[in-house]
Structures are given as structure tokens and as C-alpha cells.
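The values are calculated or read from the model by the stated rules, or taken from the named source; none is laboratory data. A quick note: this is a predicted structure, and the numbers were derived from the prediction, not measured. No Cβ is skipped: glycine too gets one built from the backbone with ideal geometry, and neighbour counts run over all protein chains shown. The protein model used for the area step is the full one, side chains on, heavy atoms only, and it has no ligands, DNA or RNA in it. Shrake-Rupley method; radii C 1.70, N 1.55, O 1.52, S 1.80 Å.
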Amino acid sequence: MSRLVVVSNRLADPRKPAAGGLAVALGETLKKTGGLWFGWSGTVVKDGAPGEGELRMHQAGPVTLAELDLCQEDHDAYYRGYANGVLWPIFHYRLDLASLESGYLSGYRRVNHLFARKLMPLLKPDDMIWIHDYHLIPLAAELRAMGCGNKIGFFLHIPLPPQQILAAIPSHEWLMRALFAYDLVGFQSEADLLNFAHYVKAEATAETVGVGQFRAFNSTVQAGAFPIGIDIDDFHRLGRARESQETYETTCREYSRRRLLIGVDRLDYSKGLPQRIRAFGELLKEYPENRHSATLLQIAAPSREDVDAYSDIQHELESLCGAINGNYGDLDWMPIRYIHRAVARRRLPGLYQACDVALVTPLRDGMNLVAKEFIAAQDAADPGVLVLSRFAGAAEQLKEALLVNPYDIPGTAQAIQRALQMPLAERQARHAALLENVRKYDVHWWCGQFLEALANVR
Ligand code: ADP
Ligand code: G6P
């Protein structure tokens, strides 16, 4: 069997918890398959030379981690600049937040070249290479230029927007052409796959040469939708462990006479947090029976704080929460508990289980694993209700959730009220259908389907 080589910007020790869908999912996958995981070490070297970086290898259980340092200039242009200042906002349909500064693109190309240069000597001829996410789109083209003939797959964890939006990226033709250096390109949803097909036909005059196969630039690429899932058995195991049980019991005790709603996210403008807080405020205004009764626990892990748009959203959120707490709060009840920190993963299942409703309301999301984790953590006899944005990739699969348009604040408030009032039989029926989906399409299904498709590409 060939060895699996995973490449992603963000690495995580698979034995330790991580925040962020990619690191969580890849950690779960590699724990089972073993292999090499190559990526950025997380270290920024202040006075290092651009295009250079030290590589360190170490063993973490069955996984060899290869960690590459980046110098400040590369980090700023490649990660903060092009990946998170250009690609992330535009791929999430936020043209208004893109900062198209010169120097970002060349830094992005330089770091992809560096990744290829450092990875090449570690490769064996029959390795299967699986590259992840928007940071590393041109990596296969760099590897091919250095003579790499291995099977190479790519998975995009974030949405792929329609052609008209992609075209707002300067050099979008170059970026999309780079996808043709892969054997297989995977997306989170059918909608993303359709956007890809439409883009390559319209902009690159690609021809369809088979089911999901596109030919352009003298290359053929196979494309497909592979919705990512969670490791449900592992999550259940965490849920049965002492710390999760403790969290469940203390939370239930604390809110025994109240209804508890939860949001768990990275603090990112794509997650629709201000809209969610406003919808909760609207709930308290329009349905006053929830005053003194419903509490929203919003846990927002700090993320990419050196990018301006992220510090802006933090301030907006703090003032919104303050205004609602000031307006409605009382001596014995605060409507919103806002925590600007990550919670330990081992406590998450218990926390989800203690809640009546989860608010997963991104303005745009590739998939959203929190939605799946919440379903997995519920007690089937008395399950909570998932309120889910129709703009999350997960909405293609989780149709029995209460689907909302997060921009529509009154509509979202109405859905939250419906969730809080939902009769037990309806909650059970919806949860059973959702759980079946989360169990069937788990992270191992995702990984197995992708790698099988990659192995079968001719
Ligand atoms: P993204 O990948 O954009 O961050 P996902 O919902 O797909 O969004 O994945 C986020 C992952 O990180 C989930 O596994 C979730 O449990 C974890 N996570 C997100 N926010 C937090 C937080 N505040 N505390 C702990 N874990 C978090
Ligand atoms: C999303 C992206 C990942 C990224 C994660 C956390 O899930 O798809 O590629 O790793 O967010 O963001 P960060 O910038 O901290 O890696």
C-alpha cells in the first residue's frame, strides 16, 4: 500500500486537540492511516531570508510531522496577505474585504515554491500526495515542474464561489489553471463543484471528457464533491469521558431553570456572528417570554488577529453583546455569555449536550463541522435543535435542521423561537435523520472516498 503524504498550511499534532476544521479532520484521519504530514510549523522567524525556512521532523504516534518555519516577510505576504487577505474573503463572497496589495501574490508563489523544494526530497515514488486548502493551490504545479510524477489530489475546505466572484481575484486565470496540475480536485459541496465546472468552461474553454472530468491546458483533471465529516466514534468516546460528563452536569445544574443556546466558532467574519447576536436580540424583543429564560453562550476562539477585518469584527461583536446585555440583562440573568477563547475539545460534547439549541449561522462556510458535532453530541431521547445557515456547505446534507438565511434577522429569530418551542416528537425525528447522515458521512468516509477516487484516476 502506498504511503499517504498530507500537505496543509496548518499542522496539528494528531495526539492533541486543535481549533479549525482542517486540522481537526486531518488529525483524525492521519491517526488511522499514518503517513507524513507536511506544513508550516506555526513559527515565524523575525529576520529569516524570504523563500527559505528550516524544516524539522518528528514522530507523533503513527504520523511523521514535517514542520517548516517561515520568515516574517513570507508569512506576511503568503499567509496574512494573499491567503487570508485575498483568497479567504473572495472565496467567502466578501469582495469588500479583500486587500489587493502588491507583493502578496509573489510571496504566495515564493512560499509554494519553498514548500515544493522542501517536500520533494522526502517523497517516495509511490506516495499518494494529498494537498489541502487555499494556501497551497499552486503546489502541485510547483512539484510537477520539479519532476514529481506521483498521484496528487487537492481538497478545498472552503467554498468555491461563482465565476463572476472568482474573477475579482487578480491572476484568477493563473490560480485556476494551477488546479489542472492535480489528478483529482475535491470540493465540499455540489454547489462548489458546479461553480468549478462553470468557471473552467467559461474562462478556460475546458471540455468535459468524462463524468466530472475536465480537459484544458493539455491536462485532464477529475473533480468531485466530497463533503467532509467528523470522527463520530471518537467524539462519542470524548463525550463519555469524565471531563465531558462533568461539563454536562455543571452546565445543566447552572441552567436548570433556563433554556441554553450555543454558538462555537473561530472569531471570523464568515461565521455571521454579529447577525446571530442581532437575531438573538430580536428574539428577546419579539418573543418576550424568552427574557429571563433564554441564554446564548457564544464561544469565539481568537483567529488571525493580525488581519484587520478580524479585529474589526471583534469590536463589533463586543459592542453588540454589551448593548443587548445592557438592555435586557437583570441582576439574576444575563442574556449573552460571550467567551473570546477556545474551549478544550474534551469538554465540547458535554457542553453541546447540555444545550437546547445550536446556532450555526455562517454567512458562508465550506462545510461547518460544529453543526455535525452538535448533532453527534445530543441525547437521542431528548435532543437539542440545530438552527443552520442555508449558506453552510453542511446545509446540502443536514436538511432536517431548521435552515435559515442569516442575513434575515427577523426570519432567524423566528426559527430560533420555533427551535425553542419544538415538541419532543419532532425534535426526535429530526435528530434521528440528522444523526444517520452524520454517522454515515463521517471523516473516514470522506477520506476513504477521496483516496479511492485518487487511486482510480487514470
Ligand atoms: P472552521 O474550519 O472554519 O473553523 P468548522 O466548524 O468546520 O469551522 O470547524 C471548526 C472546528 O474547530 C470544530 O471541530 C470545532 O469544534 C473547533 N472549534 C471552533 N471554534 C472553537 C472554539 N471556540 N473552541 C473550541 N473548539 C472550537
Ligand atoms: C479553516 C480553513 C483551514 C484553517 C482553519 C483555521 O478551517 O479552511 O485551512 O486551518 O480555518 O485557520 P488558521 O488560519 O488558524 O489556520
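By the gyration tensor of its Cα atoms, with a ≥ b ≥ c the square roots of the eigenvalues, what is the shape of the range 126-195: rounded for a/c under 1.5, prolate for a/b over b/c, or oblate? Oblate.
The calculated FRET efficiency for residue 194 paired with residue 217, based on their beta-carbon distance and R0 = 22 Å, is about 0.60.
Taking a straight line from the alpha carbon of residue 46, these aspartates and glutamates sit under 19 Å away, with near neighbours fewer than eight places off in the same chain left out: 54, 67, 69, 73, 74, 76, 305, 306. Kirkwood analysis of the range 107-261, using all unique Cα-Cα pairs, places the hydrodynamic radius at 18.2 Å.
DSSP bridge analysis restricted to the range 208-327 gives an antiparallel fraction near 45%, rounded to the nearest 5.
Under 25 Å of direct C-alpha separation, and excluding same-chain neighbours fewer than eight residues apart, residue 285 reaches these lysines: 271. Taking only the C-alpha atoms of the range 1-65, Rg followed by Dmax gives 12.7, 42 Å.
Placing dummy labels 7 Å off each Cα toward the beta-carbon, the span from residue 339 to residue 58 is 2.8 nm. Around the Cα centre of the range 43-82, unit charges on the Cβ atoms of Lys, Arg, Asp and Glu (plus for the first two, minus for the last two) sum to a dipole of about 180 debye. Kirkwood-type hydrodynamic radius, the range 219-338: 17.0 Å, calculated from all non-identical alpha-carbon pairs. For the chain, the per residue solvent-accessible surface stands at 40 Å², with DNA, RNA and ligands left out and a 1.4 Å probe.
Computed over the range 1-138, relative contact order equals 29 percent, with contacts defined as Cα pairs under 8 Å that lie 6+ residues apart. Restricting the trypsin sites (Lys or Arg not before Pro) of the range 245-299 to loop positions (DSSP other than H, G, I, E, B) with no more than 10 neighbouring Cβ atoms within 10 Å leaves 257.
Within the same chain, lysines fewer than 8 places from residue 124 are excluded, and of the rest, those with a Cα less than 23 Å from its Cα are 31, 32, 151.
Our note on the geometry: Cα centres of the range 380-458 and the range 104-124, 37 Å apart. Counting only the backbone N, which residues of the range 252-267 are under 11 Å from the spot 7 Å out from the Cα of residue 293 toward its beta-carbon? Backbone N within reach: 258-259. Nearest 10 degrees is fine. How inclined is helix 273-286 to the longest principal axis of the chain, computing both from alpha carbons? Roughly 20 degrees between the two axes. Hey, quick one: spin label on residue 257, modelled 7 Å out along Cα-Cβ, who in the range 268-299 has an amide N within reach, i.e. under 12 Å? Residues 292-293 qualify, since their backbone N sits under 12 Å from the label point. Full extension of the chain between residue 126 and residue 240 yields a length gain of 37.0 nm, computed as 0.36 nm times the residue separation minus the alpha carbon distance.
Remark on the chain: Rg and Dmax equal 22.2, 69 Å (Cα only). Quick check: at a probe of 1.4 Å, how many percent of the accessible area of the chain sits on carbon and sulfur atoms? The computed percentage sits at 49.
In the chain, the longest principal axis of the Cα atoms and the axis of helix 308-328 are about 10 degrees apart.
Using only Cα atoms, locate the centre of the range 39-90 and the centre of the range 242-316, then give the distance between them in Å, rounded to an integer. Taking the Cα centre of the range 242-316 as reference, the centre of the range 39-90 is 32 Å away. Taking the square roots of 5 times each eigenvalue of the Cα gyration tensor of the range 74-120, largest first, gives ellipsoid semi-axes of 22, 11, 7 Å. Using only Cα atoms, find the angle between the long axis of helix 443-456 and the longest principal axis of the chain, and express it within 0 to 90 degrees, rounded to the nearest 10. Computed tilt is about 20 degrees. Once C-alpha pairs closer than 8 Å and six or more residues apart are averaged by separation and normalised to the residue number of the range 333-458, the relative contact order reads 23 percent. Principal semi-axes of the equivalent ellipsoid, √(5λ) from the alpha carbon gyration tensor of the range 311-383, are 25, 18, 12 Å from largest down. Segment residue 408..residue 433, full-extension length gain: 6.4 nm, with 0.36 nm per residue of separation and the alpha-carbon distance subtracted. By DSSP, the beta bridges lying fully in the chain are antiparallel in about 20 percent of cases. On the basis of the beta-carbon distance and an R0 of 22 Å, residue 452 and residue 208 show a calculated FRET efficiency of 0.50. Here the range 343-458 is treated as a sphere whose radius is the Kirkwood value from Cα pairs; by Stokes-Einstein at 20 °C and 1.002 mPa s it diffuses with a coefficient of 143 µm²/s.
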